[in-house]
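The values are calculated or read from the model by the stated rules, or taken from the named source; none is laboratory data. Bear in mind that the values here come from a model prediction, so they are computed numbers and not experimental data. Glycine gets a Cβ as well: all are built from the backbone with ideal geometry, and neighbour counts include every protein chain shown.
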Amino acid sequence: MKSFISGLTKFSAIFFLAFTLLACGGAEERKAKYLEKGKTYLEEKNLDKAKVEFKNVLQIDPKFADAYFYMGRLEEENKELGKAIGNYKKAIELNSSYFEAKIELAKIYVIIGNTDYIDRAKKLLSEADVVQSGNIEVKLVLATIAYKTGEKLKAKKILENLVKENKNMVEGISLLSIIYLFEGDEEKALELLENGTKNNPENILLRVSLAKILAKNKRLVEAETYLKQVVKIKPEKYSLQVVLSSFYASSGQLEKAEQVLRKAVKQDDEDVQRYLMLVRFLASRVSVKKAEDELNKSIQNHPNLYDLKFAQINFYKKTGKTEEAKVALKQIIKDKVYDVEGVKARNQLAEIFLEEGDHQGAKKYVDEVIIEYPNNNDAILIISKLALADLDAISAINGLRTVVKGEPKNAEASLLLAQAHELNNESSLAENELKRSIEANPTNEQVHANYARYLGSKGRVDELVEVVDKALAYFKDSYDLMNLKLKIVASQGKESEVISLLNIMEQADSGKAEVNIIRGKYFISKREIPQAIEQFEKAYQKSQDKFNPLQLIVKSYLSNKQPEKAIERLQKNLDKNSDDAIANFLMGQLYRSQKNTKKARQLFIRSSKAAKEWFLPYTNLASTYFVEKKYDKALAVYKDAENNLKNKMPAQMQMAVIYEAKKDYPQAINTYKSILSDNPTNKLAANNYASLLLDYGSEADVPKALELVKSFEKLQQPALQDTLAWAYVKSGEIDKAIKILKPIVEKAPKISVFRYHLGYALYQKGDKAAAKSHLEIATSSKQNFSGKDKAGELLKTLKSGT
């Protein structure tokens, strides 16, 4: 028995060992199978399924470096660079010689682009070079770093050697062609790209880049050939069909452009973006009516595609049909109540009211969202915008921090938060937020542009150029970034760079009206007026908004001392449509500049009747009366505007200004009071109302004035704080007033009314010497301000010693 048990024990041990080995073998097989399936899904861009497979691998082996590497690739494909960085780091941690992970991580660090990350990238590349000395991938990333850090000659030399040795290095060919274009050597760029396409017959990027240069040089047949090739290579890729359609549109082949877009819609009639692209094309190239009809038809055929309905609303907003947009949004709210679409409609309706200046209307809808969904970021963002509009920096900062915390990649929220910090005199926090937004979302070109603009606003031009250059190494076709760079090189008089940038911008998007406007302005700076007008005319044809290009055409003729040509150009529009509001308005401005006020008024009236909701014709008409001190007639114009405008506040604010000019202070006070009843958070109206009560009201009005401006304590605007301080003076709270006024005068020493108020407060405090000093400066100024006579009387009293 003992031997039997012993033998059984041995058998059991052998069986267990064999089972364990089989189980281990099975796990390894399953791990390899999951990894291969994940890689296949990743290649097919099926990211959700790929993620499942890679997670399966990590459940079997949590320390498998390859799984983390491919998870990094997946997150990078998903534009989640922060998560990609984490996965690549983990792969390197588990396998310190993981070459591919180091290369991919270095590439992301280069995209982020600040000095710290560039240094990290260089360290990784140095380590990778130890693993594979002389590797072409390492050299390519090093060339990109050189380009980003301003060493363009070094980058060019590296790339030229790489491309010569490796004819299939598409990224190197692409970057080198951009360097050639920036240098103005278009022939070299063409030759490089042509050879690149021959050696890489399935590559899309090189063919599109080549086609853009060919199209610019009017080699349309060749450009069309290459673009047709890319569509054939990837027939399912919608973005390539858009590129082909844009080429046809920019080269005047509108029927072909429309055919391509309609074919794309048929390929996937559930893809809202395809309908929208077709509608945008029709609106800009055919007619707004046809675009609207197409959109309405699409909605009828797909009533449950709410994205189409929201697209229709956006279309209404862009074409000035704000009321139609409001009606459509209210219908969605009625149909979907507080479903996703209903909440989205409320937020969009609030945005419209905010844009119109109707803060109460905006608040109504956004409050409805917050009651149901207190953490809705879109609603919090709008509330923060309302706070910014009311100059309430603290409330805006608190709200925007919440949005950014929930959506760290939200470029708009990040920019607004920076603006709120600036408003609160926190420049370092503003800059830090813009830098953080780049780290959080380095593949969003807008965050780079936001930071560049901030640097420009601070006069830090060299840093601006550095940021833009680094970003352009990644966002090669970024119109916005190139536009920023263009403004700098133009201001520096670098003509060859200006021309190169203009060429590249046109290549990047030949359908954009802005490129022609920029090119036209460049010609204006060179006093080449006919060429400028030609560009502005092209912009006029491309643009949905005709006002800006037509205004530039007129200004160009006037700058060339050809007013008759400007009149002739506007008359062409009026011959087609005598009620053309823009042409009538511009013609009115033209006649006004020629001192023909009677004719100008007739045209402004015609313009205001043709576009009753457009404020500019009213303001120009009213100003012709105001300068002649015909205040009642100016008031009549604004009363007409008040009856026609959806947002009446701008007209009412102007009416109040006219009442002040007439010295009809009671009526001005009543007007501001009326504005505040509809817009209680309007800080400018509150400030002006309180100022009038303090300067022209009775003692009984002082508490009311102080109540109106009490909230200004949190604000940083000198004019608003001055009114608050003046209210404290009139209330007898002199110490509070002086505490506010002293820093205001230090920041704005040339503003006479600030000096007067501080001088008066110091006089009340008993500091007559300091009071006299400020009053002397205030009264000797040529500035007119309310209370100047009283300031003079008080100064006489101080000088006489009484």
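Within the stretch 616-630, count every residue that is over 31 Å from the mean Cα position of the chain (by Cα) and either assigned to a helix (DSSP H, G or I) or touching a residue at least 60 places away in the same chain (Cβ under 8 Å) (or both).
The total comes to 6.
Considering only residues of the stretch 438-487 that are among the aromatic types (Phe, Trp, Tyr) and either modelled with pLDDT of 80 or more or under 19 Å from Val515 (Cβ atoms) (or both), which is surrounded by the fewest Cβ atoms within 10 Å (Cβ to Cβ)?
Filtering the stretch 438-487 for residues that are among the aromatic types (Phe, Trp, Tyr) and either modelled with pLDDT of 80 or more or under 19 Å from Val515 (Cβ atoms) (or both), the one surrounded by the fewest Cβ atoms within 10 Å (Cβ to Cβ) comes out as Tyr479.
Quick one: which helices (runs of 4 or more DSSP H) sit completely within the stretch 532-601 and have at least 2 residues that are among the β-branched types (Val, Ile, Thr) and buried (at least 20 other Cβ atoms within 10 Å of the Cβ)?
On the way: elements: 547-559, 563-576, 581-593.
In the stretch 532-601, 547-559 are the helices (runs of 4 or more DSSP H) which contain 2 or more residues that are among the β-branched types (Val, Ile, Thr) and buried (at least 20 other Cβ atoms within 10 Å of the Cβ).
So which residues in the stretch 459-482 are without any contact (Cβ under 8 Å) to a residue 60 or more places away in the chain, under 19 Å from the mean Cα position of the chain (by Cα) and assigned to a loop (DSSP other than H, G, I, E, B), if there are any at all?
Hits for the stretch 459-482 are Phe475, Asp477, Ser478.
Any residue at all in the stretch 393-412 that is hydrophobic (A, V, I, L, M, F, W, C), surrounded by fewer than 18 Cβ atoms within 10 Å (Cβ to Cβ), part of a helix (DSSP H, G or I) and in contact (Cβ under 8 Å) with a residue 40 or more places away in the chain?
Within the stretch 393-412, one or more residues are hydrophobic (A, V, I, L, M, F, W, C), surrounded by fewer than 18 Cβ atoms within 10 Å (Cβ to Cβ), part of a helix (DSSP H, G or I) and in contact (Cβ under 8 Å) with a residue 40 or more places away in the chain.
Suppose we filter Leu501, Leu416 for residues that are part of a helix (DSSP H, G or I) and either more than 25 Å from Ile145 (Cβ to Cβ) or touching a Cys at 6+ places or on another chain (Cβ under 6 Å) (or both); which single one remains? Steps first, please.
Numbers: Leu501 fails: either more than 25 Å from Ile145 (Cβ to Cβ) or touching a Cys at 6+ places or on another chain (Cβ under 6 Å) (or both).
On inspection, the qualifying residue turns out to be Leu416.
Among what's in the stretch 771-802 and is of a type in the set (Lys, Arg) and under 15 Å from Val753 (Cβ atoms), pick the residue that is surrounded by the most Cβ atoms within 10 Å (Cβ to Cβ).
Quick first cut of the stretch 771-802, residues of a type in the set (Lys, Arg) only: 772, 782, 788, 790, 796, 799.
Those left that are additionally under 15 Å from Val753 (Cβ atoms): 782, 788, 790.
On the way: Lys782: 5, Lys788: 16, Lys790: 12.
Only one residue tops the list, namely Lys788.
Return the only residue of Lys750, Lys772, Lys790, Lys742 being part of a helix (DSSP H, G or I), at pLDDT 90 or above and either more than 26 Å from Pro703 (Cβ to Cβ) or of a type in the set (Val, Ile, Thr) (or both).
Unique residue meeting the criteria: Lys772.
For the stretch 631-648, which positions are modelled with pLDDT of 95 or more and either among the aromatic types (Phe, Trp, Tyr) or assigned to a loop (DSSP other than H, G, I, E, B) (or both)?
Scanning the stretch 631-648 gives Tyr631, Tyr638.
For the stretch 335-355, name all the residues that are buried (at least 19 other Cβ atoms within 10 Å of the Cβ) and under 21 Å from Asn679 (Cβ atoms).
Answer for the stretch 335-355, where residues must be buried (at least 19 other Cβ atoms within 10 Å of the Cβ) and under 21 Å from Asn679 (Cβ atoms): Arg346, Asn347, Gln348, Leu349, Ala350, Glu351, Ile352, Phe353, Leu354.
Can you tell me which condition Asn301 does not meet? The list is (1) closer than 23 Å to Ile352 by Cα; (2) surrounded by fewer than 18 Cβ atoms within 10 Å (Cβ to Cβ), and all the others hold.
(1)
Restricting to the stretch 254-291, count the residues that are more than 26 Å from the chain's Cα centre (by Cα) and assigned to a helix (DSSP H, G or I).
17
Condition first: closer than 10 Å to Ala65 by Cα and of a type in the set (A, V, I, L, M, F, W, C). Now tell me which residues in the stretch 88-103 satisfy that.
Residues satisfying the conditions are Ala91, Ile92, Leu94, Ala101.
Could you tell me which of the residues Ile675, Ile734 is within 24 Å of Lys648 (Cβ to Cβ) and touching a residue at least 24 places away in the same chain (Cβ under 8 Å)?
Ile675
Is there a residue in the stretch 198-221 that is touching a Ser or Thr at 6+ places or on another chain (Cβ under 8 Å), more than 26 Å from Lys156 (Cβ to Cβ), in a helix (DSSP H, G or I) and free of Cβ contacts under 8 Å to residues at least 60 places away in the same chain?
yes
For the stretch 117-141, enumerate the residues that are outside any helix (DSSP H, G or I) and either aliphatic (A, V, I, L, M) or on the phi > 0 side of the Ramachandran plot (or both).
Gly134, the sole residue that qualifies.
Could you list all residues from the stretch 177-197 that are among the hydrophobic types (A, V, I, L, M, F, W, C), over 14 Å from Lys156 (Cα atoms) and buried (at least 21 other Cβ atoms within 10 Å of the Cβ)?
Once the filter is applied, which keeps residues that are among the hydrophobic types (A, V, I, L, M, F, W, C), over 14 Å from Lys156 (Cα atoms) and buried (at least 21 other Cβ atoms within 10 Å of the Cβ), the stretch 177-197 yields only Leu193.
Which residues, counting only those in the stretch 142-163, are among the small types (Gly, Ala, Ser) and closer than 14 Å to Lys107 by Cβ? Explain how you work it out, then say what you get.
Just the residues of the stretch 142-163 that are among the small types (Gly, Ala, Ser), to begin with: 143, 146, 150, 155.
Answer for the stretch 142-163, where residues must be among the small types (Gly, Ala, Ser) and closer than 14 Å to Lys107 by Cβ: just Ala143.
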